[in-house]
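Nothing in this text is a laboratory measurement; each read-out follows from the coordinates by a stated rule. Keep in mind that what you see is a predicted model, and the values were worked out from it rather than measured. Cβ: placed from backbone, ideal geometry, glycine included. Neighbour counts: every protein chain shown.
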Amino acid sequence: MSRIFVVVWFSKAFVVPALALIVISGLLAMTLLRTSFEATSSLADAVCGKVIAIDPGHGGTDPGAIGRGGLTEKDLVLDIAKRLAALMNRVAIYTVLTREGDRTLAGGQDADIAYWKREDLDKRIEAARNAHADLFISIHANSFPEPMWSGAQTFYHSKSGDSKHLASAIQEQVVARLGPNLRKIKPGDSYYILRTATMPAVIVEVGFLSNPREEAMLGDPDYRQRMAEAIFHGTVEYLVEKYRSEKSARESHLKPPGEAATGGGSLKTTDLTLRAEEGEMILYFGGPTNFDDSLMPEIRKAPGDYSRADLRRKAICIVRELISGPAGESVLSPTIPKGTSLRDLWITPDGVAHVDFSSGLSKNHWGGSRSEELTVYSIVNSLTELPDIKKVQILIEGRKGSTIAGHIILDTPLGRDEGLIEARK
């Protein structure tokens, strides 16, 4: 009996989206990845072929934050990044890991991390640009002197509406999948990665290594997998919503939403009523509880003849008091690590205070992007309480363009940021 063979040819343009839809539909329906996304062709269109840069922070000679149990940020975030890439690859999303091993991206390394970190960060952004990445997701872990601080948190640049939406989608999934967490998304305009990225970008801080309980959880492979899944689902949710929004706009002949910041994306301002009396100074330290990851003011009686001192001597006094930390009975947290000293301070006619710290400011810092931001602006905001100081340039061992913990490059004078201040009512 003769047999008849029928050969059917499908074009690549049909097969790739079709296969992607099958994979996505199956994967998103798995119990492991519990989700309510509707598996439709629009879902495949939203994610298929997207390019996402995944950036595991630190690496090589830069360990990042280190937990009390010895868990290093660089190893933790690399593992989560690889898990995240595997999930994305299974739904036809192309991924670019800025590093795939325990290494830094900087070439010629200075003896001190504070000075070659900028090259490392630049190469991470360059890798994303060269890959024409649609999104940039940087993964880090946080740390703070007080062990009670906990919870994952996502940061974005306040001038990027898309970044804010991505951060919100990821944070919602992190909270939903990993348990109670009162932390909200926050602007991180000072972070070098966020202010130099040319595509929507976020920093996901997966938890506090300074919290023993959270360090233990982050050391668990199952917990890391759940964290990767949360970031994955948040990213897919963002892509789907963006696709539907743009499609709806095209169909209604409306201009799709762009990169302009939406309401609430800008830094808040705080109308502080604190006033220092003669012979007093206002210093800013970290908040006392897990929910106060902001700066809080402490009014302190200045030592000696502070009220009669010139501007430079007042500024020096403020920095030295910051280094000494909160008052003995205070519930606030220090922002400058022990072993830090003030090398020099001078003020230029344009009102910029140049503050030169010893290398202890970076070598002894506990790490974490939010903690680094609080350290920087505790200095800036405390000094700009003096009316004649408008901005602050922070130096380390006399060098400009350094970094304290690898997230903020101190290459320009910084102005006051009241959005970081939580005023006590």
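Miscellaneous remarks
- Which listed residue, of 143, 160, 150, 138, is small (Gly, Ala, Ser) and surrounded by fewer than 24 Cβ atoms within 10 Å (Cβ to Cβ): 150
- Look at the stretch 351-370: where a residue is closer than 26 Å to residue 202 by Cα and a partner is small (Gly, Ala, Ser) and assigned to a helix (DSSP H, G or I), sitting 6+ places away or on another chain with Cβ atoms under 6 Å, you get 362/114.
- Within the stretch 176-188, the set of residues being surrounded by 18 or more Cβ atoms within 10 Å (Cβ to Cβ), under 24 Å from residue 374 (Cα atoms) and either of a type in the set (Gly, Ala, Ser) or out of contact with any strand residue (DSSP E or B) (no Cβ under 6 Å at 6 or more places or on another chain) (or both) comprises 187, 188.
- Some residue of the stretch 142-155 being closer than 19 Å to residue 239 by Cβ, more than 9 Å from the chain's Cα centre (by Cα) and outside any strand (DSSP E or B): no
- Here is the figure for the stretch 300-315: residues that are part of a helix (DSSP H, G or I) and farther than 21 Å from residue 330 by Cβ total 7.
Per-residue answers, yes or no, for (1) without any contact (Cβ under 8 Å) to a residue 24 or more places away in the chain; (2) surrounded by fewer than 19 Cβ atoms within 10 Å (Cβ to Cβ); (3) part of a helix (DSSP H, G or I); (4) touching a strand residue (DSSP E or B) at 6+ places or on another chain (Cβ under 9 Å):
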site: 194; (1), (2), (3), (4): no, no, yes, yes
site: 205; (1), (2), (3), (4): no, no, no, yes
site: 216; (1), (2), (3), (4): no, yes, yes, no
site: 225; (1), (2), (3), (4): no, yes, yes, no
site: 232; (1), (2), (3), (4): no, no, yes, no
site: 236; (1), (2), (3), (4): no, no, yes, no
site: 241; (1), (2), (3), (4): no, yes, yes, no
site: 248; (1), (2), (3), (4): yes, yes, yes, no
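- Only a single item in (1) over 17 Å from the mean Cα position of the chain (by Cα); (2) part of a helix (DSSP H, G or I); (3) among the basic types (Lys, Arg) is not met by residue 74, and it is number (1).
- Subset of the stretch 391-425 (residues that are in a strand (DSSP E or B), in contact (Cβ under 8 Å) with a residue 40 or more places away in the chain and buried (at least 17 other Cβ atoms within 10 Å of the Cβ)): 391, 392, 393, 395, 396, 402, 403, 409, 414, 421
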